[in-house]
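K.L.:
Dropping a structure here in structure tokens format, bear with me for questions.
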């Protein structure tokens, strides 16, 4: 069995334990347990320099930009600038936590109904994030150059809004084929993949890809 396939098999077994060990331990004041686990698609989490009002207001706008990328699409964030300017009025609760390297982070949960209403008023799409059909999708991720990249991909995918499960089908070279069960189908999954800037559509020829597969490339750590 090729080395990469053996590595994928082993990591598939130990990944849940690794993910738990790497998750932040700090709690965000005022956020529910679901919010603190980033299970709420209307919550954003962004780095912040300090807890001053000026830093907080800027971080709230950044967090709301993340939310809009998830529920309307990354391409619509600029068009939603008037809505983002209201971040301080739309936030329902926020708090501070630490990432795994000790950096200060702001977590903020926003009013979902108000955001949906304002997005529609701006003529922007709103994807259903609570009551959407679950679909099983084939996803190909290129650019997997080792164990760290594999762990990063699986962790990112498992925390995307609407994703119920992720399983590896095969690994070939730097290509990882996955089976993903997700609410909202390919449209919502594609938007969620692009929203964080960690994956980009890969339009290059992908050997072995099948019609209907979503093909993305992992953005290297530290890339602009």
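K.L.:
Within the set of pairs 6 or more residues apart or between chains, which connect a residue that is in the same structural domain as residue 97 (by TED's automatic domain parsing) and touching a residue at least 12 places away in the same chain (Cβ under 8 Å) inside segment 48-65 to a residue that is loosely packed, with under 14 Cβ neighbours inside 10 Å and not in a loop (DSSP other than H, G, I, E, B) with Cβ atoms less than 8 Å apart?
P.N.:
The qualifying pairs are 59/47.
K.L.:
When you look at residue 109, is it over 15 Å from residue 193 (Cβ atoms), touching a helix residue (DSSP H, G or I) at 6+ places or on another chain (Cβ under 6 Å) and surrounded by 18 or more Cβ atoms within 10 Å (Cβ to Cβ), yes or no? Reasoning before the result, please.
P.N.:
On the way: over 15 Å from residue 193 (Cβ atoms): yes; touching a helix residue (DSSP H, G or I) at 6+ places or on another chain (Cβ under 6 Å): yes; surrounded by 18 or more Cβ atoms within 10 Å (Cβ to Cβ): yes.
It is true that residue 109 is over 15 Å from residue 193 (Cβ atoms), touching a helix residue (DSSP H, G or I) at 6+ places or on another chain (Cβ under 6 Å) and surrounded by 18 or more Cβ atoms within 10 Å (Cβ to Cβ).
K.L.:
Tell me, yes or no, whether segment 159-171 has at least one residue that is within 29 Å of residue 72 (Cβ to Cβ), out of contact with any helix residue (DSSP H, G or I) (no Cβ under 7 Å at 6 or more places or on another chain) and surrounded by 15 or more Cβ atoms within 10 Å (Cβ to Cβ).
P.N.:
Within segment 159-171, the first condition is being within 29 Å of residue 72 (Cβ to Cβ), and the residues that meet it are 159-167.
From what is left, the residues that are out of contact with any helix residue (DSSP H, G or I) (no Cβ under 7 Å at 6 or more places or on another chain) are 159, 164-165, 167.
This time we only want the ones that are surrounded by 15 or more Cβ atoms within 10 Å (Cβ to Cβ), so: 159.
Yes, segment 159-171 has at least one match.
K.L.:
Restricting attention to strands (runs of 3 or more DSSP E) lying wholly within segment 83-177, give those where 2 or more residues are under 22 Å from residue 59 (Cα atoms), at pLDDT 90 or above and not assigned by TED's automatic domain parsing to the domain that holds residue 195. If you could, list the steps in order and put the result at the bottom.
P.N.:
On the way: elements: 91-98, 104-110, 134-142, 163-172.
Per the criteria, 91-98, 104-110.
K.L.:
Taking segment 178-193 on its own, how many of its residues are assigned to a helix (DSSP H, G or I) and crowded, with 18+ Cβ neighbours inside 10 Å? Step through it out loud before you land on a result.
P.N.:
Quick first cut of segment 178-193, residues assigned to a helix (DSSP H, G or I) only: 185-193.
Checking which are crowded, with 18+ Cβ neighbours inside 10 Å leaves us with 188-193.
Number of matching residues: 6.
The values are calculated or read from the model by the stated rules, or taken from the named source; none is laboratory data. This is a predicted model, so every value here is computed, not measured. So basically every Cβ, Gly included, is an ideal-geometry build from the backbone, and we count neighbours across all protein chains shown.
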